Each structure stands twice: as C-alpha cells, then as structure tokens.
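**Q** Here it is, the structure in full.
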Amino acid sequence: MHPMTRADSRLELMQRAEDSDASVGELVSRLAHEGKELAVVELERLRAEMREQTRRAARAAAAGYLAIDLVAMVSLALSVGVFLVLADAWDSYAAAAFATSGLLAVAAVVVGLVARAMMRRMTQVVKREVEDLQSDGRALRGAS
C-alpha cells in the first residue's frame, strides 16, 4: 500500500468536512464503496500472502527432497560399511546382512517419527491459516 501523501490527507479532510453536509444515502453509498475497496485490498493481501507461502513450501519441498537423497546415500554408505566390517568380524555374510537390516530398520523408524512430527506441525499451520481465512470471510459477510 502506498503511504498517504499530503495531497491525499488534505483531500480526505475536505471529504470529511463535506460529510457533515452529505445525505444519509450519500454516506451509505460511500460506506459501500469503501467496503468494496477494503475487500479488494484484503484479497490482494491474501493473494500475496498465499504466493509467499507457496514459495516457502516449494523451497521446503526441494530441501526435503535433497535431504532425503542425502540420507539415502549416507545410509547406503553406512550400511555397506557396517556389512563389510561385520562380515569380516563374524565370518558370516548372513549375520552381517541381518544386523545391517536391523540397523536400517531402526533408522527408518527414527526418520519416520521425525517426518510425522514435521507433518503435524505443518498441519497445524495450515489449519490456523484456514481458520483465519474463514474468520475473515465471516467478517466480510457480516460487514456487508
């Protein structure tokens, strides 16, 4: 929004002075016009906010994808390393494979729990945004 200039503030003062001479119909008409302008401004603000949130979500998704790739590569390297060390120490490929599978299962559970906690937080944020939009809609309907 543009800051109010001196000319705008003078114009507003002149309009307020004219309000004392305006009829009820003119005042209602102005009120309806200002309400419409307010709704348009509010919708533009919401659009800008949604665009920003979409950009943030896209960046988070890209970062999440890269993090998943990194975790996959690290877990692959670790599991091969653990397998080779255990196979050499135990002289058994089967036991090493079983132990490595157990380690990967524990890691998968931990990653799943972290992802679940993150999704719950995101769900709460989205729920708050929806509630805000619904209350704004109710307020706009109540004002008209």
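The values are calculated or read from the model by the stated rules, or taken from the named source; none is laboratory data. Not measured: the values here are computed from a predicted model. Glycine also receives a Cβ, built like all others from the backbone with ideal geometry; neighbour counts cover every protein chain displayed.
**Q** Give the residues of segment 87-104 that are hydrophobic (A, V, I, L, M, F, W, C), surrounded by 10 or more Cβ atoms within 10 Å (Cβ to Cβ) and free of Cβ contacts under 8 Å to residues at least 12 places away in the same chain, sorted by residue number.
**A** Passing the criteria: A87, A89, W90, A95, F98.
**Q** So, one more: Quick one: what pairs do we get from segment 115-143, first residue in a helix (DSSP H, G or I), second at pLDDT 80 or above and not small (G, A, S), C-beta under 7 Å, 6+ apart or different chains?
**A** Partner pairs satisfying both residue conditions: D136/E42.
**Q** Mind checking which pairs have a first residue in segment 40-56 that is of a type in the set (K, R) and a second that is exposed (fewer than 11 other Cβ atoms within 10 Å of the Cβ), Cβ under 9 Å, 6 or more apart or different chains?
**A** Every condition considered, the pairs that remain are R45/M1.
**Q** Sticking with this one: Please specify each residue of segment 19-58 satisfying the condition of being surrounded by 10 or more Cβ atoms within 10 Å (Cβ to Cβ) and outside any helix (DSSP H, G or I).
**A** A22, the sole residue that qualifies.
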